[in-house]
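The values are calculated or read from the model by the stated rules, or taken from the named source; none is laboratory data. Here the structure is a predicted model, which means the values were calculated and not measured. All Cβ positions, glycine included, derive from the backbone under ideal geometry; neighbour counts span all protein chains shown. SASA here: full protein model, heavy atoms, side chains in, ligands and nucleic acids out. Shrake-Rupley method; radii C 1.70, N 1.55, O 1.52, S 1.80 Å.
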Amino acid sequence: MKYAWWPGCVARGATPELYTSTVAVLKRLNIEFEEMHDFSCTGAGVLQERNLKLADTLNVRNFAIAEKLGLPIMTVCSTCQGVMAQAHYRVMKDPAYLKEINGVIAEEGLEYKGTTVIKHLLWILTEEVGVDELKKHFTRNLSCISVAPFYGCYLLRPTNALGYDEKPEREAELDRVIEATGARFIDFAGKKKCCGFPILLINQQNSLKMVANHTGAAKDGGADAMVTPCPLCHLNLDGYQDKATKRNRPDHQKVSLPIIHFPQLVGLAMGIEPEDLGFQKHMVSTKDLLATVRSKATPVAR
């Protein structure tokens, strides 16, 4: 099992702990990867609103590079997954459009024939590895903590581009992994809604309301942490949580809900040391969460 891994811009910049924890988990699972240093940014959904053809061209270029290597693309960013899936869907249903884009990337000696598969790490672990097989790598039972999921828009919509018609179970894959770790699963209404990041710079007031609503609802529901497969959601829910709480919570008290990356949760269940997963790099402190894990988590019974 080998993948062309595109970490995305955020995992290599603002959330380096996502990169570190992903590498740690991949090594434990013996999943081979080749990091794609010559890929370009997917455009994060913003570029396609301004210049759709340019955005699609950049993404098709990435697909062609992976296709040349004979490898599927792995991403750890919901936004990258969603944007790439949309671009792939558009060019595959319009051969003339793909031919036009191939004419552009031909300058680099590239041509996309349409065979590249793009998969988020969450789907790789649930569909390729399988949840039952994944559990065999867990050494730490996390029943001492309660965890709420937060999917992020781009891993859920649009469903036709993301393959939900063929794989409707993707709608609950994050829930399944949380339960597999032994953690108490905390469901809440906002887990599949927008985190507010896309409007942060143009409508901060509403963006912060979203952060306060989601983190507050999860915390009030009993969550000790929230896990997300999207680093952009992490940036907003973690980085702006304190400000959002002060502006929108009636009691103005901090929610103090740690927002952890998907591979950090998996790595914690695997028994990987929190420091090696980058827990110390979060804005909202993870100290209480980790203290509970260290003192109360039990070994997985075999």
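Points worth noting:
- Boolean, Arg294 is at pLDDT below 95 and among the basic types (Lys, Arg): no
- Exactly one residue among Ile105, Ile65, Ile101 is more than 21 Å from Gly163 (Cβ to Cβ) and touching a Leu at 6+ places or on another chain (Cβ under 9 Å), and that residue is Ile65.
- Hey, Ser143 of a type in the set (Gly, Ala, Ser) and in a loop (DSSP other than H, G, I, E, B) or not: yes
- Leading residue by the ranking (nearest to Pro299 (Cα to Cα)) among those in segment 172-213 that are open to solvent by 80 Å² or more (accessible area, probe 1.4 Å) and hydrophobic (A, V, I, L, M, F, W, C): Ala189
- Within segment 223-238, residues that are under 24 Å from Val46 (Cα atoms) reach partners that are part of a strand (DSSP E or B) and of a type outside the set (S, T, N, Q) with beta carbons closer than 6 Å, at six or more positions or on different chains, in the pairs His234/Ile259; Leu237/Ile259; Asp238/Ile259.
- Cross-chain or 6+ apart pairs with Cβ under 8 Å, segment 154-165 first and without any contact (Cβ under 8 Å) to a residue 60 or more places away in the chain, then part of a loop (DSSP other than H, G, I, E, B) and loosely packed, with under 13 Cβ neighbours inside 10 Å: Thr159/Asp165
- Taking the criterion of being buried (at least 22 other Cβ atoms within 10 Å of the Cβ), not in a helix (DSSP H, G or I) and not small (Gly, Ala, Ser), the residues of segment 40-78 that qualify are Thr42, Ile73, Met74, Thr75, Val76, Cys77.
- Contacts under 8 angstrom Cβ, first residue in segment 261-272 being more than 15 Å from Ser78 (Cα to Cα), partner assigned to a loop (DSSP other than H, G, I, E, B) and modelled with pLDDT under 95, 6 or more apart: none
- Residue that is most open to solvent (accessible area, probe 1.4 Å) [pool: residues in segment 81-135 that are of a type in the set (Val, Ile, Thr) and in a loop (DSSP other than H, G, I, E, B)]: Thr115
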